[in-house]
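The values are calculated or read from the model by the stated rules, or taken from the named source; none is laboratory data. Just so we're clear, the structure is a prediction, and the values are computed from it rather than from any experiment. For neighbour counting, all protein chains shown are included, and Cβ atoms are generated from backbone atoms with ideal geometry for every residue, glycine included. All accessible areas refer to the heavy atoms of the entire protein, side chains included, with ligands and DNA or RNA removed. Shrake-Rupley method; radii C 1.70, N 1.55, O 1.52, S 1.80 Å.
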Amino acid sequence: LAGLPRRLASTVTAGVGVGAAVAAARLWLPDSESRTNLLYLSTPSRASGLLLGAALALWWRRGGSVRRWLTVVLDAAALGLMGLLGVAAATAHVNDASLYRGWLAATSVISVVLIVVAVRPSQSIVRKVLGSLPLAAIGRRSYGLYLWHWPIFVIGEARDNTTNLAVCSIVTVVINEVCFRLIEQPARKGVIGEWWQSRQDWSTVRKAGQLLVGMAVI
């Protein structure tokens, strides 16, 4: 897509994203654990959200001020869509046909709309709420929270009762915060690059030791 005009590249990317969502819907089979795992966990079947986000990035141009009435309409639509996301989170299950034949695609589209509303240069309520310090802090940690919650919720049987859910949630937040401060933040500040440059001066024995430790951890 590198040689295409931005708008055309955006259209192609969005089309592929829609195609991924349609394919996932058509490939779902009832009572098939292997098919459910494939559709829920594989990159191609879940690529629609990433591709629609990429399409938005290609298409988007920051404009000027937005009319007040349009801001009100977009805010109302965004709030309604956020409520719809809440319904999906509370009711959709990984084994439901509705998840693959509606909710996953809807979540991607809703997310795109919310991003558009949030980044528009306006006095949008949604923009202010999503840009608030607490939600921005959660956003910076969101992927780590997503990665950590899965094994912790499984090991702690979070689905069994409210107490397990609360404990697992607290453990997830604590572990992720430690990783965020000790691993993610230093990595963003260039620690890995500095380590790699300093590695050139290490002895062969030290390099081999680092390699063995890394292999053992993995």
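Scanning the range 168-179 for residues that are assigned to a helix (DSSP H, G or I) and either open to solvent by 90 Å² or more (accessible area, probe 1.4 Å) or among the charged types (D, E, K, R) (or both) turns up at least one hit. Among the numbered conditions (1) surrounded by 17 or more Cβ atoms within 10 Å (Cβ to Cβ); (2) in contact (Cβ under 8 Å) with a residue 40 or more places away in the chain; (3) under 19 Å from the mean Cα position of the chain (by Cα), the only one that ARG120 does not meet is (3). Given the conditions (1) assigned to a loop (DSSP other than H, G, I, E, B); (2) modelled with pLDDT of 85 or more; (3) of a type outside the set (Ser, Thr, Tyr), which single one is not true for TRP202? It is condition (2) that TRP202 fails.
For the range 124-132, the count of residues that are surrounded by 12 or more Cβ atoms within 10 Å (Cβ to Cβ), in contact (Cβ under 8 Å) with a residue 40 or more places away in the chain and not in a helix (DSSP H, G or I) is nonzero.
Any residue in the range 54-62 that is at pLDDT below 85 and not aromatic (Phe, Trp, Tyr)?
Looking for residues that are at pLDDT below 85 and not aromatic (Phe, Trp, Tyr), one finds at least one in the range 54-62, hence yes.
When the range 28-48 is limited to residues that are open to solvent by 30 Å² or more (accessible area, probe 1.4 Å) and touching a residue at least 24 places away in the same chain (Cβ under 8 Å), the one that is farthest from ALA97 (Cα to Cα) turns out to be PRO44.
Of the residues that sit in the range 82-98 and are open to solvent by less than 40 Å² (accessible area, probe 1.4 Å) and either basic (Lys, Arg) or in contact (Cβ under 8 Å) with a residue 12 or more places away in the chain (or both), which one is farthest from ALA20 (Cα to Cα)? Residue satisfying both the conditions and the ranking: ALA88.
Residues LEU79, LEU39, LEU58: which one is touching a helix residue (DSSP H, G or I) at 6+ places or on another chain (Cβ under 7 Å) and more than 29 Å from SER122 (Cβ to Cβ)?
Within the list LEU79, LEU39, LEU58, the selection yields LEU39.
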